[in-house]
Amino acid sequence: MCYAIPGKVISIDSKTVTMDYFGEARKAIFVTGSYEVGDYVYAQGGIVVSKLSEEDAIPILKMWEKQFFELKARDAILSEQSKFESPISPIIKRAEKDETLSRNEMLAILSVEGKDLELLFQGANRIRKNKLDNACCVHGILEFSNYCQNNCLYCGIRSGNANIKRYRMNETQILEAVDHSVSLGFKALVLQSGEDPFYSDEMLIALVKKIREKHGILLFMSIGERSKDCYKKLFDAGAYGALLRFETSNDLLYEKMRPGRKRIDRINLIRDLIEIGFIVATGFLIGLPGQSKDDLINDILLTKSLKPDMYSFGPLIPHPETPLSSIQTPSLDDALKAIALTRLVDPESKILVTSALETLSPDAKKKGLMAGGNSLMINTTPKAYSTSYDLYPGKSTERPITETIKNTIELLYSLGRAPTDLGVTNDR
């Protein structure tokens, strides 16, 4: 339900195509296949995922053309600059000029309160619009196993949680769920599980091959720490995206939260994924016990230094079956300030508004998008399993997916956002 708009290839340079979208030029690379000028293609995350005929492309383009520009106009109105000035106004203006913010300026942003909050969010949203326009990719996420060999203190599916109904979907069930997700319009899909050794490398590689043989989608893997060799084979099989958070930049905090694990191993694997060629989404948790504002700034800066294709971070929602059950949930404003600061620090980044954020308030998704966010995920896990993927309390899975899609589309249209991914304006 990232409603991809087909682009017409207008030039090709090695493995990069330039596509025309209603007069706008966007670029994407292609890993497999061959393309010619005049072809119509779908791109997701800066990668060409499929080709379609002119006969199929033209009606879609005609359907989108008027709305494409109407949504742009609405987004432009909603992101107009506020006339209100405050002590943080110079910081926002420096970010708009792509100037590097000092640590003291970042601390000032994380300390904003009262009326200045709205100015901060407006500034971050304006930067988002000026740098990335109104595209808002909506990925599906399919959770195929809630078994996990890790015992992370913050996670509801940790191995130490004996009060959870465990499940594993078999290959047929996963393929059927993928078919259903694609039938709903998703062009980008995340396959997620706990770190479950039941699924061998060979099983996952075979699964990816079968999905890609049937569907022209951008497939992400969110399966935790596997070997570089495994990930290389998954990439070669057609999974071009990987979601792997590092959780925290603080080594001591990481080792406390993830017993028996080292942060450097996680970071090195993320770097391996980028080296292989994956579209990488990574990030951190907000609200870990002992996390300071300096830690949060370091989290953002570490993410930026990794040069991922997408930031994925959200609030820690305490789970009753974890050692962190009694800690305080981060406030919505604190989570929104992290989104806004990330936009100021890395203006051209894609920032995911996570489902965890949505548990903090009924309008958190809207506020996240208006604070600088520009990507969403919708859960496509079959109902028989979705309630058991119990990462945190309040994870909504009761609403029919068709209703969730409808509500998400309506929200995006109200904000002038197009549920599309048009590739990138510069080379990846």
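The values are calculated or read from the model by the stated rules, or taken from the named source; none is laboratory data. None of the values given here were measured: they were computed from a predicted structure. Please note: Cβ atoms are built from the backbone with ideal geometry, for glycine as well, and neighbour counts cover all protein chains shown.
Taking (1) out of contact with any helix residue (DSSP H, G or I) (no Cβ under 9 Å at 6 or more places or on another chain); (2) of a type outside the set (D, E); (3) surrounded by fewer than 23 Cβ atoms within 10 Å (Cβ to Cβ); (4) within 29 Å of E105 (Cβ to Cβ) in turn, S325 satisfies each apart from (4).
Among the listed residues L301, L288, which satisfies the condition of being of a type in the set (A, V, I, L, M), out of contact with any Asp or Glu (no Cβ under 6 Å at 6 or more places or on another chain), assigned to a loop (DSSP other than H, G, I, E, B) and closer than 22 Å to A335 by Cβ?
Numbers: L301 fails: assigned to a loop (DSSP other than H, G, I, E, B).
Going through L301, L288 in turn, just one is of a type in the set (A, V, I, L, M), out of contact with any Asp or Glu (no Cβ under 6 Å at 6 or more places or on another chain), assigned to a loop (DSSP other than H, G, I, E, B) and closer than 22 Å to A335 by Cβ: L288.
Only a single item in (1) touching a helix residue (DSSP H, G or I) at 6+ places or on another chain (Cβ under 6 Å); (2) surrounded by fewer than 19 Cβ atoms within 10 Å (Cβ to Cβ) is not met by A242, and it is number (2). Being surrounded by fewer than 22 Cβ atoms within 10 Å (Cβ to Cβ), outside the structural domain of M221 (by TED's automatic domain parsing) and over 30 Å from A76 (Cβ atoms) is a description that does not apply to S200. Scanning segment 400-414 for any residue that is modelled with pLDDT under 95, closer than 25 Å to G194 by Cα and either assigned to a loop (DSSP other than H, G, I, E, B) or charged (D, E, K, R) (or both) turns up at least one such residue.
Looking at K72, K93, K129, which is the one that is assigned to a helix (DSSP H, G or I), under 19 Å from D421 (Cβ atoms) and at pLDDT 95 or above? Reasoning before the result, please.
Numbers: K72 fails: at pLDDT 95 or above; K93 fails: under 19 Å from D421 (Cβ atoms).
Going through K72, K93, K129 in turn, the sole match is K129.
Take the conditions (1) surrounded by fewer than 21 Cβ atoms within 10 Å (Cβ to Cβ); (2) farther than 15 Å from C152 by Cα; L234 misses just one of them, which is (1). Residues in segment 271-284 that are more than 18 Å from L218 (Cα to Cα) and crowded, with 22+ Cβ neighbours inside 10 Å: G283, F284. Scanning segment 106-121 for residues that are in contact (Cβ under 8 Å) with a residue 60 or more places away in the chain and either in a helix (DSSP H, G or I) or surrounded by 21 or more Cβ atoms within 10 Å (Cβ to Cβ) (or both) gives M106, L107, I109, L110, V112, L117, L120, F121.
In this structure, A124 does satisfy being crowded, with 21+ Cβ neighbours inside 10 Å and outside the structural domain of I47 (by TED's automatic domain parsing).
Given the options K72, K93, K15, K83, name the one that is within 24 Å of V138 (Cβ to Cβ), of a type in the set (K, R) and outside the structural domain of K214 (by TED's automatic domain parsing). Before you say what the answer is, go through the steps one by one.
On the way: K93 fails: within 24 Å of V138 (Cβ to Cβ); K15 fails: within 24 Å of V138 (Cβ to Cβ); K83 fails: within 24 Å of V138 (Cβ to Cβ).
None of the other options fit; the residue is K72.
Looking for something touching a Gly at 6+ places or on another chain (Cβ under 6 Å) and buried (at least 22 other Cβ atoms within 10 Å of the Cβ) - is there at least one such residue anywhere in segment 128-142?
At the first step, the residues of segment 128-142 found to be touching a Gly at 6+ places or on another chain (Cβ under 6 Å) are 128, 134.
Now drop any that are not buried (at least 22 other Cβ atoms within 10 Å of the Cβ), which leaves 128, 134.
Yes, segment 128-142 contains at least one residue that is touching a Gly at 6+ places or on another chain (Cβ under 6 Å) and buried (at least 22 other Cβ atoms within 10 Å of the Cβ).
For segment 307-336, enumerate the residues that are without any contact (Cβ under 8 Å) to a residue 60 or more places away in the chain and under 23 Å from L244 (Cβ atoms). Answer for segment 307-336, where residues must be without any contact (Cβ under 8 Å) to a residue 60 or more places away in the chain and under 23 Å from L244 (Cβ atoms): K307, P308, Y311, G314, P315, P330, A335. Can you confirm whether segment 163-176 contains a residue that is hydroxyl-bearing (S, T, Y), closer than 19 Å to Y240 by Cβ and assigned by TED's automatic domain parsing to the domain that holds G140? No, segment 163-176 contains no residue that is hydroxyl-bearing (S, T, Y), closer than 19 Å to Y240 by Cβ and assigned by TED's automatic domain parsing to the domain that holds G140. Scanning segment 355-380 for residues that are within 14 Å of T408 (Cβ to Cβ) and either without any contact (Cβ under 8 Å) to a residue 40 or more places away in the chain or part of a loop (DSSP other than H, G, I, E, B) (or both) gives E358, P362, D363, A364, G368, G373, N374, T380.
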